[in-house]
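Please read the structure below before turning to the comments.
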Amino acid sequence: MSTREKSETKRLPMMPIRDVVIFPHMMTPFVVGRESSVRALEEALAGEKKIFLATQHDASVDEPRPDEIYSVGTIANIVQSLKLSDGNIKVLVEGFERAKVISVSAEDGYFRATVKTFASKIDAGVSLESLTTRVTTLFEQYVKLSQNLNYETMIATIKVDDPGKLADTVGANLQLTIEEKQELLEIFDPIDRLTRVAEMLDIEIEKLSVDRTIQGRVKRQMERAQKEYYLNEKIKAIQKELGRGEKSEFDELKKKIDAAGMSPDAHEKAMAELKRLEQMPPMSAESTVSRNYLDWLLAVPWKQKTREIRDLKYAREVLESDHYGLEKIKERILEFLAVRRLVKNPKGSILCFVGPPGVGKTSLGMSIAKATGRKFVRLSLGGVRDEAEVRGHRRTYIGALPGQVIQMMKKAGTKNPVFMLDEIDKMSTDFRGDPSSALLEVLDPAQNDKFMDHYLDVDYDLSEVLFVATANVMHTIPAPLQDRMEVIRLSGYTELEKSEIARRFLITKQKVATGLSETQIDFTPEGVGALIQSYTREAGVRNLEREIGSVCRKVARKVVEASVDDEPETIAKGGELVEESTEKPAKKGKKAKVAADAVDSKPVESKLPTVTVTAQTLIEMLGPPRYRDTQASKKNDIGATIGLAWTEVGGSILTTEVTVMEGRGKLTLTGKLGDVMQESAQAAMSYVRSRAASLGLARDFYRNLDIHLHVPEGAIPKDGPSAGITIATSMCSALTNIPVRGDLAMTGEITVRGKVLPIGGLKEKMLAAHRQGIFELVLPKDNEKDLHDIPEIIRKEMKLNFVESMDEVLKIALEREVTPLPIAPVSSSQSEAPVGSDDITH
């Protein structure tokens, strides 16, 4: 019998908890991650280190409302807290007493609850002593049946005189559901709680008894299987003694390990694993894991290597036959091969080809392998997020495998292949690790001779591998990774180079792919030029190859439709299932087994004359030109200037437009411009205002005018400082009403004093201008030193104006010179007022 003597009200920080019910007198660790819970914990730590913990109804709710949390919980003391590296907090609490929520309020992003506690006075008696003894006995029986609880520890914890504490201790250690534990927590009366615990113990003991019976049956079955295994092994041993058995599987594995040429550490580890495997039952899961591990150790090449070809003449012939142009890239590859011929044991090198899509980065890696006589393997890193993709998983995980580096080495079969890391700039990172950091060891010649894969767990030598990485851009590659690679940049092709590539490689390739002979289609130089100029706009040749393929397919259709080989009896009906013949071709005069095979093996004879591809036939096949002729659009215009831009897929031209309207001095910038480009526009505006008199403008011209700057293709983000002189030229043209020349383009950064600063990506920008038919450029003087990277044919065809100031730009770009205003004295009352940031809108 117990009676409630008194109650007490407290106001404490409240934390909802998931999947656990904390009882009084119970030490519990858990991790706090939710922002509201972290704030409640910090508030409690700042005070008396007491916090009210209540279980929420649904564990899947991240931010529960007060009505989604049980009203009865536990006041706990915070014993210890530790902030983890991921921002979470690991905390250890000790339950103090149960309490009931009266009200809950939200304060500073966390809950604060007003709770009431109840103290009960227990009247000792025979019935209480009997109930306590029964619970203790039942719990001892429960611990003996359970395999998850330590008998000595549990018996020591229940040696308490307080019935309420006994009930809480036993309830906390029972395998109950959250709802059942919450039911126990909500019973404030100790005698009632102890009675309910006794009922639960009866049920749980019955469950464990049934489980033990089932486990006994399973154990007997396992013992029978072990007995059969033992007898089978004994039979094998007897047969071996009689000379009837074959060589042991383990002896074969030992011979393979000795012959593999492993490093001493790897050999020692393999032999230890083999010894473990011999002692395992063959049907056990662990033996499968060990056998797979040994198979991987034996599959990786330890001493096999291909003999390297170091003949520079042969290498040059291979590079020339596979690629046109790219002279500097070929020279660098030949220099690399020359060094390897002079050095006896050269370290593996790491090259990185950077350039827009379609310029031949991947095929260059294949050509290097062909020129050196090495095997070639390719690993695509695009979208890789997991570090284990590079280093592999540890063998403790189910289904673990080595990383892709080791898997590709197994695929190569030699320890010195050409290993291509494709799209290295498109790796990303998440909670599973950073694969780019894992590559640091792979691509460092000073340490990749001891590459450690998590699965193999032994050092593996990658020093003889020739790594070739490819990327479209460099800024997404981490700086430490860039530092380990020799970067070779591949810019776009000129029209002449594209024409030669099409003639030497692409047309022949597409003829073979579409089944056309040399006499059935003929691409004229005019037709190839029209394809390049009017149907493609790219730095590489990928789209050009697609268009050539499209033309060939259309011609192939015409050939088939006009063919004379269309006899009905030789054409298989559509939808019929036919088997691919594996027999030798039938002799002359013998009927083919399958009609479809007869059709495939017979060449198509066409009545159609040779199709000559010209600019006119392209319009008939591919439709009207997709890109207008830039020569026809080069008219001088007011406020419109052609600029040059660098993109991830090469260079492009960008028109900057400025219009002037009556207004109050507002500068509007549109076209999805980035912060740097917006600042360039402000700098250009400041330059124009400072040069108002020399531009023939009134000193206060901006007070009555609104200027709108727009860069077309507004859906595409644009940024960078190189459009500075383009913006300033458009502003000057619009304000002075003098047209800008439409036959030239420009690029350069501007300062507020009108100085022209150098820019990057000059080669890509010049190639873009050449593709668009623009042959006169305005460039910063400091970029003159970069001309050695520009193909000679481009330099000869283009007129380059190198400038140092904005005044020089205007003299070249505007249709006529600006007439300055006469200089007049300025009084103090006429001084300009500065324009604030509110005058500029985006």
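The values are calculated or read from the model by the stated rules, or taken from the named source; none is laboratory data. Worth saying up front: this structure is predicted, and the values here are computed from it rather than measured. Cβ sites come from the backbone with ideal geometry, for glycine too, and all protein chains shown count toward neighbours. We work out accessible area using only protein heavy atoms, side chains counted, and drop any ligands, DNA or RNA first. Shrake-Rupley method; radii C 1.70, N 1.55, O 1.52, S 1.80 Å.
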Quiz item: What is the helix-to-structure angle for 285-299, meaning the angle in degrees between its Cα long axis and the longest Cα principal axis of the chain, kept from 0 to 90 and rounded to the nearest 10?
Solution: 30
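Using a 1.4 angstrom probe on the protein heavy atoms only, could you order Trp646, Trp296 from most to least accessible area? Show your work: numbers first, answer last.
Working: Trp646 115, Trp296 40 Å².
Highest to lowest solvent-accessible surface, that is Trp646, Trp296.
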Quiz prompt | Among beta bridges that DSSP assigns inside the chain, antiparallel share in %, nearest 5 | solution = 60
Exercise. Report, ordered by chain and residue number, the aspartates and glutamates lying within cross-link reach of Lys49, taken as a straight Cα distance under 12 Å and ignoring same-chain residues fewer than 8 apart.
Key: Glu94
Exercise. Please give every one of the aspartates and glutamates within straight-line cross-link reach of Lys635, meaning a C-alpha to C-alpha distance under 13 Å, and leave out same-chain neighbours fewer than 8 residues apart.
Key: Asp743, Glu815
Quiz item: So between Ile102 and Ser517, what do we pick up on full extension, going 0.36 nm a residue minus the alpha carbon distance?
Solution: 140.4 nm
Quiz item: For mean projected area of the Cα convex hull in nm², the choices are [x] 61.1; [y] 46.6; [z] 36.6; which was calculated from the structure?
Solution: [x]
Quiz item: Per residue of the chain, what 222 nm ellipticity follows from adding -39500 (n - 2.57) for every DSSP H run with n ≥ 4, rounded to the nearest 500?
Solution: -12000 deg cm²/dmol
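Stretched out fully, how many nm does the piece from Thr414 to Asp449 gain, at 0.36 nm a residue minus the Cα gap? Each step should come with its number before you reach the end.
On the way: separation 35, 0.36 × 35 = 12.60 nm, distance 1.49 nm.
The span from Thr414 to Asp449 would gain 11.1 nm if fully extended.
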Self-check item: Spacing of the two label points (7 Å from each Cα toward its C-beta) at Glu286 and Lys50, in nm
Solution: 5.1
Exercise. Summarise the accessible area of the range 1-151 (1.4 Å probe, protein heavy atoms) by the percent that is carbon and sulfur.
Key: 48
Exercise. Go through Lys313/Lys344; Lys181/Lys219; Lys255/Lys415 and tell me which ones have a Cα-Cα distance over 29 Å in this structure.
Key: Lys181/Lys219
Quiz item: What is the helix-to-structure angle for 190-241, meaning the angle in degrees between its Cα long axis and the longest Cα principal axis of the chain, kept from 0 to 90 and rounded to the nearest 10?
Solution: 70
Exercise. Whenever you get a sec, compute what percent of the accessible area on the range 284-421 sits on carbon and sulfur atoms (1.4 Å probe).
Key: 52
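May I ask which of Lys275/Lys303; Lys330/Lys799; Lys672/Lys799; Lys765/Lys785 have a Cα-Cα span longer than 20 Å here? Show your work: numbers first, answer last.
Values: Lys275/Lys303 24 Å; Lys330/Lys799 29 Å; Lys672/Lys799 32 Å; Lys765/Lys785 15 Å.
Pairs exceeding the cut-off: Lys275/Lys303; Lys330/Lys799; Lys672/Lys799.
Give the residue list of trypsin sites (Lys or Arg not before Pro) in the range 131-222 that are DSSP loop and have at most 11 other beta-carbon atoms within 10 angstrom. Could the numbers behind the result be given before it?
Working: sites: Arg134, Lys144, Lys159, Lys165, Lys181, Arg193, Arg196, Lys207, Arg212, Arg217, Lys219, Arg220; in loops: Lys159.
Within the range 131-222, the qualifying trypsin sites (Lys or Arg not before Pro) (loop, at most 11 other Cβ atoms within 10 Å) are Lys159.
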Self-check item: Partner aspartates and glutamates for Lys781 [C-alpha distance under 15 Å; skip if fewer than 8 residues away on the same chain]
Solution: Glu749, Glu804, Asp807, Glu808
Practice problem: For the chain, find the longest principal axis of its Cα atoms and tell me its angle to the long axis of helix 361-372, 0 to 90°, nearest 10. | Solution: 90
Quiz item: Rounded if a/c is under 1.5, else prolate if a/b beats b/c, else oblate: with a ≥ b ≥ c from the C-alpha gyration tensor eigenvalues square-rooted, which is the range 408-484?
Solution: prolate
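Counting only protein chains, not ligands or nucleic acids, how are His323, His708, His788 ordered by accessible area (probe 1.4 Å), most first? Please list the in-between numbers first.
Values: His323 15, His708 60, His788 115 Å².
Largest to smallest exposure gives the sequence His788, His708, His323.
Apply 1/(1 + (r/R0)^6) to the Cβ-Cβ distance of Met271 and Ser85, taking R0 = 51 Å, and write down the FRET efficiency to the nearest 0.05.
The formula returns an efficiency of 0.85 here.
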Quiz item: Hey, got a sec? Which trypsin sites (Lys or Arg not before Pro) in the range 690-736 land in a DSSP loop and have at most 16 other Cβ atoms within 10 Å?
Solution: Arg699
Exercise. Specify the inter-centroid distance of the range 767-820 and the range 460-486, based on alpha-carbon positions, in whole Å.
Key: 35
